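Asker: Let me give you the structure first, and then I'll get to my questions.
We did not get these values from a lab; they are worked out from the coordinates using the rules stated. Predicted model only: the values in this text are computed from it and were never measured. Cβ placement follows ideal geometry from the backbone for every residue including glycine, while neighbour counts extend to all protein chains displayed.
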Amino acid sequence: MVKRTRVGRSSVCGIVLASLLMTGQVAALEPEHEIRRLMLATEEAVTGENWGEAGEYLNRLQQLEGEKPADYFYFRGRVMLEAGHFNESRAALEKYVSQAGAEGKHYNDALKLITNVEKARKKEGARASQNSQNKSEPVAIIEPAGDESLTKLKQLYLAESDAEALVIHANTLLEGVGWRSDQRIVRLDRPADITYKLDRRNDVISIQESRREEDSRVVKTTESLGVFGVNPQIEWNCESATASCWIYDPRDGSRLMKLSQDREKAEEIARTLGRLIKTMQGVGQPRS
């Protein structure tokens, strides 16, 4: 009799546990509360200059539905500035100023940061201009890959669409050209200092940069590239002085991706990115 009672209790416990697990899944925080939680975590990470954590929280916030508070754009602007993504940084900071106004908590700081972004872009432009004058060869311009090679890529990666095949191919290429501060010894068991990964959603290409800090922390930031109105001819260049190759942003010609000094891979990545932009442009139409 006692044995049957124990079995019954065990069964009941199992049912209660399963019920609690299901309830836990259903009882997740509603979007407005989750946004607030992640905003508090982001603020704490930024205050402590833990840029990797801040970037991760911001990426999670970006994926949530619901209106983001103005401070979201301020923190995003700060993280993007730290990562050297000046276009994204300025756009986010300007949106914060527009939404928060002069009464915003970070209003004055945001204005100062916009000035800092402006100065940083000028310095980068001056360096790029100097390098352009010093190098003996022009910046290469890559035309998008042809339809024949695209068909082969779909077969190779068993992809369902042209864009999917191009994303997979680009990421495969990017895995082997991560930039390293010390180019003398390249060990396969040690990750590169800067790496990239592409993704796509609707008419936007997401370019995630992972930057390894001196204390082995990894700071991840994401650059969003809308394809409509963008020229699919991608410029690239390799510099012996910095032992690196650069893929340039088709929107404004600024530096977009810093790769190791592998000319063939840089050329192929530029070609693949250009083809991806052109393919995505052809699939949909710009939103009104």
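Asker: Just to be sure I follow the rule: in segment 136-283, considering lysines 8 or more places apart or on different chains, how many pairs have Cα atoms under 21 Å apart?
Answerer: Here the count comes out as 11.
Asker: Quick check: from the Cα gyration tensor, does segment 28-87 come out rounded (a/c under 1.5), prolate or oblate?
Answerer: prolate
Asker: Separation between the residue 44 and residue 120 pseudo-spin-labels, each 7 Å from Cα along Cα→Cβ, expressed in nm?
Answerer: With each label placed 7 Å out from Cα toward Cβ, I get 2.6 nm.
Asker: What does the convex hull of the Cα atoms come to per residue for segment 136-283, in Å³?
Answerer: Normalising the Cα hull of segment 136-283 by residue number yields 124 Å³.
Asker: Sticking with this structure for a sec: Per residue of segment 80-91, what does 6.51 cos²θ - 1.76 cosθ + 1.60 with θ = phi - 60° give for ³J(HN,Hα)? Whole Hz please, x for Gly and Pro, Karplus curve as stated.
Answerer: 5, 5, 4, 7, x, 8, 5, 5, 5, 4, 5, 4
Asker: At 7 Å along Cα-to-Cβ for each site, give me the label-to-label distance between residue 216 and residue 151 in nm.
Answerer: According to this spin-label approximation, the distance is 5.0 nm.
Asker: Going highest first, how would you order 212-219, 51-58 by mean Cβ packing within 10 Å?
Answerer: Descending mean neighbour count gives 51-58, 212-219.
Asker: Let me ask another. Taking a quarter of the surface of the Cα convex hull of segment 31-130, what do you get in nm²?
Answerer: Answer in nm², one decimal: 6.5.
Asker: Grab the Cα-Cα distance for residue 34 and residue 190, subtract it from 0.36 nm times how many residues apart they are, and report the gain in nm with one decimal.
Answerer: So the chain would gain 52.6 nm between residue 34 and residue 190.
Asker: Another one. Between residue 111 and residue 239, what is the FRET efficiency for a Förster distance of 45 Å, r being their Cβ-Cβ separation, to the nearest 0.05?
Answerer: After rounding to 0.05, the efficiency reads 0.85.
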